1. I need the full set of residues from region 247-289 which are acidic (Asp, Glu) and either in contact with a Phe, Trp or Tyr (Cβ under 9 Å, 6 or more places away or on another chain) or under 19 Å from residue 192 (Cβ atoms) (or both), in order please.
2. Go through region 233-250 residue by residue and tally those that are crowded, with 24+ Cβ neighbours inside 10 Å and either in a helix (DSSP H, G or I) or not hydrophobic (A, V, I, L, M, F, W, C) (or both).
3. Check 261, 273 and return the single one that is over 16 Å from residue 64 (Cα atoms) and in a helix (DSSP H, G or I).
4. Could we say that residue 138 is at positive phi and either at pLDDT 95 or above or not in a helix (DSSP H, G or I) (or both) here?
5. If you scan region 312-323, which residues turn out to be within 19 Å of residue 188 (Cβ to Cβ) and not hydrophobic (A, V, I, L, M, F, W, C)?
6. Say whether the condition of being without any contact (Cβ under 8 Å) to a residue 24 or more places away in the chain, of a type in the set (D, E, K, R) and closer than 30 Å to residue 389 by Cα is met by at least one residue in region 122-145.
7. One residue is enough: does region 65-81 have a residue meeting the conditions of a type in the set (D, E, K, R) and either outside the structural domain of residue 225 (by TED's automatic domain parsing) or buried (at least 23 other Cβ atoms within 10 Å of the Cβ) (or both)?
8. For the structure I just gave you, tell me whether residue 339 is modelled with pLDDT of 95 or more, surrounded by fewer than 21 Cβ atoms within 10 Å (Cβ to Cβ), assigned by TED's automatic domain parsing to the domain that holds residue 253 and closer than 22 Å to residue 100 by Cβ.
Amino acid sequence: MGQIVLENCTLLDCESGEMRPDINLLIDGERIAELDDARLGGRDARRIDLGGRTLMPGLIDAHVHVTATMMDFKRIAEEPLTLTAARAQPIMRGMLQRGFTTVRDAGGADWGLASAVENGLFEGPRLFVSGRALSQTGGHGDLRSRTWSGDGCACCVANAEIAVLADGVPAVQKAAREQFRVGATQIKIMGSGGVASPTDPIDNLQYSDDEIRAIVWEARAWHTYVMAHVYTAEAIARVVRLGVRSVEHGNLVDREAAATIVEHDAFMVPTLITYEALHREGKQWGMPRVSLDKLDTVRDAGLRSLEITRDAGVKTGFGTDLLGETHHYQSGEFSLRAQVLSPIDVIRGATLVNAELLNRVGELGVVAPGALADIIVVDGNPLDDIHLLEKQGKFLPLIVKGGRVYKNTLDS
């Protein structure tokens, strides 16, 4: 890759929340080399005139499932992994075309899929993968029905490669080590009941204190962290006190639990859009009645959770958690959050906050010299109209990831 110069830009500075007009940006290879109001780049540089349009960092979604290619997880479990990977490719391409240049997969994607993207075999955002999430028997990752009575190892049955079942300290240590061995960048655990799982109520606490401490220790030994699926205030405060760094969902948070998150310098990643998508289409795509019955409990509390965490000063990342046939709802998370948060705070969640969560401060989520050249151009000002980040990338004429142009309608 040679030099690319983006000229006549209006830079959205996510940290200050200001729009900076008349900026030129030089990309050299995969990174940003320079920002200035002067002419940049050599004679052979490729030049793209933005015509004053908004330039901002590529978006980061910190909770996706790119291999959840169908709502019916049992069907996924019955097909070859190669077919699942093939089905994941258009899902990832769609994410990139919506402006998401980086995503954190919360269970299912592996090192091979991340490498396929990195090596240009699949088109999509760069992947931070959790491998298979850790779940106790009967936990959120155990998708077996109450009548399941098959032979063989339960850890390998009916989990669609989303989760592995492990019980007891030695077993969870081994499971965590195995995920790291095969390329996980962080560990995901199931810390409470969930919507998609058939046998656990929402307020069920999962994994013992000793099991969670053991998993957290394994992650720290690899200089990374644990993310936990939890909903209730009790479950949130508990896992954070035990060392979990990233609270996933957290719809039923209260003020005390939010204060605990802040006290331990942890993060929360709400995923409001998935509940809207499931409410609208879950029945159509085969979500079981037991899951739909649990849905309203967390869906109705979503916006209130944003108010609580905002007022407490929680570092709130951006996530979506969409499944199967509903991935196209991804960008709808922006307008949902904008009912409670300012547009700049919503955007910060998908840029600066998620970059810090991924331990990539200064490299992702920012337009600055030395950062990876992950850039989107918006036809308008998203601080005035957050919907410009929706509509399947309709208002994003230019998308660059790692210095490579993946979409450009400005030259056409």
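The values are calculated or read from the model by the stated rules, or taken from the named source; none is laboratory data. Keep in mind it's a predicted model, so treat the numbers as computed, not measured. Cβ: placed from backbone, ideal geometry, glycine included. Neighbour counts: every protein chain shown.
1. Across region 247-289, the qualifying residues are 248, 254, 256, 276, 281.
2. First pass over region 233-250, keeping only residues crowded, with 24+ Cβ neighbours inside 10 Å: 235-236, 239-240, 244, 246-250.
Filter once more, keeping what is either in a helix (DSSP H, G or I) or not hydrophobic (A, V, I, L, M, F, W, C) (or both): 235-236, 239-240, 246, 248-250.
Matching residues across region 233-250 total 8.
3. Exactly one residue qualifies, and that residue is 261.
4. Details: at positive phi: yes; either at pLDDT 95 or above or not in a helix (DSSP H, G or I) (or both): yes.
Yes, satisfied.
5. In the first step, residues of region 312-323 are kept if they are within 19 Å of residue 188 (Cβ to Cβ); the result is 315-323.
Residues satisfying the conditions are 315, 316, 317, 319, 320, 321.
6. No - not one qualifying residue is present in region 122-145.
7. Residues of region 65-81 that are of a type in the set (D, E, K, R), as a first pass: 72, 74-75, 78-79.
Retained after the next criterion (residues that are either outside the structural domain of residue 225 (by TED's automatic domain parsing) or buried (at least 23 other Cβ atoms within 10 Å of the Cβ) (or both)): none.
No.
8. Details: modelled with pLDDT of 95 or more: yes; surrounded by fewer than 21 Cβ atoms within 10 Å (Cβ to Cβ): yes; assigned by TED's automatic domain parsing to the domain that holds residue 253: yes; closer than 22 Å to residue 100 by Cβ: yes.
When the stated conditions are applied, residue 339 passes them.
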